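The next block holds one structure in the form of structure tokens; read it before the comments.
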Amino acid sequence: MLPVFLLLGVNYTQAQAPTTRTDITKKVNELIARMTIEEKVGQMAQVTLDVIGKGKDRFSSDEPFALDEQAMEKALVQYKLGSVLNASNNRARTPQVWFEIISKIQHVAMTKTAHRIPVLYGIDAIHGETYTAGATMFPQQIGQAATFNRALVRRGAEISAYETRASAIPWVFSPVLDLGADPRFPRQWESFGEDPYLGAQLGVQMIKGYEGDNNNVGDPFKVASSIKHFLGYQVPITGKDRTPAYIPDQALREYHLPAFKAAIDAGAKTIMINSGLINGVPMHVNYNLLTKLLKEELGFKGLIVTDWGDIENLYKRDRVARDNKEAVKLAINAGIDMSMIAYQYEPFCDDLVALVKEGQVKMERINDAVRKILTLKYELNLFDKPATNFKDYPQFGSKEFEQAAYNTAAESITLLKNTSGLLPLKKGTKILITGPNANSMRTLNGAWTYSWQGEKTEEFAGKYNTIVEAIQLKSNAVTFIPGVSYKMDGKYYEEYADKFDEAIAAAKDADVIILCLGENSYSETPGNLNDLYLSDLQTDLAQKLAATGKPVVLVLNEGRPRIIS
């Protein structure tokens with residue numbers, strides 16, 4: 001049997017950009033001294049792109065996407081927001097479209113506001129530039145870990161940085177440095193696995209690939225990274241996303257901290273916080289871990305950003321705050337610098353301004369946060385070149401980049417068992433290919449591929465080959481019958497019998513069966529499960545095919561190890 005784990009420039013008239021740390025510090029301090037409370041607070045707020053797009057509400061935009069001038073005026077000019085993230089309507093855009101969108105956003109920020117401060121745009125680039133059509137996709141982090149190859153991991157991050165900058169985006173929410181110690185967790189595949197040493201070594205290589213050896217993120221081919229999710233995110237008691245974890249301090253330091261410490265020592269520019277609770281305390285209010293450990297003990301000087309809507313979660317989900325205002329106070333005083341608000345930015349900004357005026361949040365804490373945000377914007381050279389132009393990136397989606405992704409994928413494949421020398425198959429072998437993952441680009445790539453859950457992969461990656469298509473290019477003796485298929489418009493785990501009996505019957509005419517099982521793509525809460533067993537349908541298919549006595553090659557495409565016995 002062969003299990004295969006293949007998871008998977010706009011120019012404005014500005015003063016010359018500062019080139020040294022001293023220059024940047026001087027510029028930032030001068031700028032902060034001129035800013036109002038409202039302007040500072042605005043810098044600490046981040047919203048998703050749909051908020052400033054035309055549409056019926058903030059939660060979705062019209063297609064084709066267009067920016068809403070009034071919404072931008074309110075968000076960027078009136079509330080002076082400093083950061084935007086994500087893709088509109090959860091779908092990839094071309095580099096040209098990205099350039100047009102971000103250029104317009106920067107034009108508003110840098111011509112209609114008092115200090116002409118550019119917007120910091122961030123994106124989830126998880127195994128390549130997730131939200132750019134035509135970008136090069138690498139194996140997911142768990143697949144990259146299977147290579148045990150530092151050079152391949154670094155090269156993948158270099159290419160991702162190049163293609164992200166080709167999309168006019170300077171900041172990526174990657175790499176994931178969580179210890180993937182719980183196989184139930186729906187983001188286990190986004191990690192480098194359960195080995196603290198391996199995670200630290202490969203995490204550093206990703207930082208170097210994204211930011212360069214000297215962390216010169218002003219280089220137009222480099223991006224600022226965001227190591228995540230500090231700390232202990234992937235080991236909740238339930239195994240489900242964003243639920244409480246109980247981790248002894250020794251385990252926290254011995255197993256979960258090393259990768260983050262190594263990345264901080266390597267100069268990672270930003271860090272994203274765990275959405276859950278550790279030992280009963282939400283990470284976003286944990287002063288001991290955010291300030292005492294992260295800032296003071298580990299010496300992290302960069303920007304600390306929340307995950308999606310996590311300050312709101314403090315009162316809506318965790319109930320540690322009475323209302324939004326108290327949640328904002330607790331999070332900012334704990335050490336948060338920027339809130340990934342997502343949608344409702346007015347309460348965050350209004351409440352934080354009020355908290356400062358009331359003395360419940362000190363101005364020095366605000367200045368500290370804003371100093372980190374502005375410093376990063378200067379380091380990224382956004383004041384001088386707020387949007388890099390796709391025309392300056394001729395290697396985007398090139399054959400060279402494609403070959404690099406192939407090399408990483410090839411080294412990630414692991415042969416677990418090869419009974420009686422069945423593999424490689426001999427020419428002329430009559431092959432039956434079956435299973436829900438046999439003819440699916442979505443399951444080959446996983447989530448964060450052209451969309452959050454990866455459900456748009458077939459649309460954007462149609463030129464590439466599924467397992468069936470690739471084998472058909474090598475053999476004329478292939479029969480394909482699904483047996484089981486996924487409901488593509490349902491939840492990731494929903495499936496149905498699809499010519500099940502025909503697949504079993506076809507085995508009698510085959511010399512060998514290639515059985516492609518596993519999971520559909522998922523990430524975060526939609527990927528929660530209650531046990532690790534493969535579905536009854538897939539298990540039944542496997543058992544009935546094995547009962548035919550024909551040799552079976554098992555190919556697994558899955559984001560976590562599922563029980564197959």
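A short reminder: the numbers here are calculations on the coordinates, not readings from a lab. In this text, all values refer to a predicted model and were calculated from it rather than measured experimentally. Here Cβ is always computed from backbone atoms with ideal geometry, including for glycine, and neighbour counts include all displayed protein chains.
Each peptide in 490-502, 158-170 was scored by the mean count of other Cβ atoms within 10 Å over its residues; highest first, the order is 158-170, 490-502. Starting from the eigenvalues of the Cα gyration tensor, five times each then square-rooted, give me the equivalent ellipsoid semi-axes of segment 178-300, largest first, whole Å. Each semi-axis is the square root of five times an eigenvalue, giving 24, 16, 12 Å. Working note: Cα atoms of segment 473-559, range along each principal axis, descending, whole Å: 42, 29, 20. Cα to Cα, under 13 Å, and not fewer than 8 places away if on the same chain: which aspartates and glutamates meet these conditions relative to LYS430? Leaving aside aspartates and glutamates fewer than 8 places away in the same chain, those within reach of LYS430 are ASP509, ASP511.
With helices as the sole contributors, the chain gives -9500 deg cm²/dmol at 222 nm; each DSSP H run of n ≥ 4 counts as -39500 (n - 2.57), and the sum is divided by every residue.
Using R₀ = 35 Å, calculate the FRET efficiency as 1/(1 + (r/R₀)^6) where r is the Cβ-Cβ separation of ARG34 and GLU411; round to 0.05. Efficiency, from the Cβ-Cβ distance: 0.10. Here segment 103-144 and segment 450-491 have alpha carbon centers that stand 29 Å from each other. Taking amide H atoms as placed 1.01 Å from N in the peptide plane, the amide H of LEU81 lies under 5 Å from those of LEU76, each 5 or more residues away in sequence or on another chain. Sorted from longest to shortest, the spans of the Cα atoms of segment 160-204 along the three principal axes equal 36, 23, 11 Å. Counting every C-alpha pair in segment 423-541, the share spaced more than 21 angstrom apart comes to 41%. Here the peptides 424-430, 535-541 are ranked by packing, the mean other Cβ count within 10 Å, and the order with the highest first is 535-541, 424-430. When the inverse distances between all different Cα atoms of segment 92-154 are averaged and flipped, the Kirkwood radius reads 14.1 angstrom. Computed over the alpha-carbon atoms, segment 21-392 gives an Rg to Rh ratio of 0.94, Rh here being the Kirkwood radius from the mean inverse distance.
Which entries of LYS74/LYS377; LYS208/LYS372; LYS74/LYS301; LYS325/LYS385; LYS27/LYS261 show an alpha-carbon separation above 25 angstrom in the structure shown? From the list (LYS74/LYS377; LYS208/LYS372; LYS74/LYS301; LYS325/LYS385; LYS27/LYS261), the Cα-Cα distance tops 25 Å for LYS74/LYS301; LYS325/LYS385; LYS27/LYS261. By the Stokes-Einstein formula, at 0.692 mPa s and 37 °C, segment 346-445 with its Kirkwood radius over alpha-carbon pairs has D equal to 157 µm²/s. Taking segment 206-225 and a reference point 7 angstrom along Cα→Cβ of ASP392, the backbone N atoms nearer than 16 Å belong to 216-224. Looking only at segment 205-219, which residues have a backbone nitrogen under 20 Å from a spot 7 Å from the Cα of ARG150 in the C-beta direction? Under 20 Å, as judged by backbone N against the label point of ARG150, lie 205-216 of segment 205-219.
Each 5 Å bin from zero holds the following percent of Cα-Cα pairs in segment 251-332: 3, 14, 25, 25, 16, 11, 5, 1.
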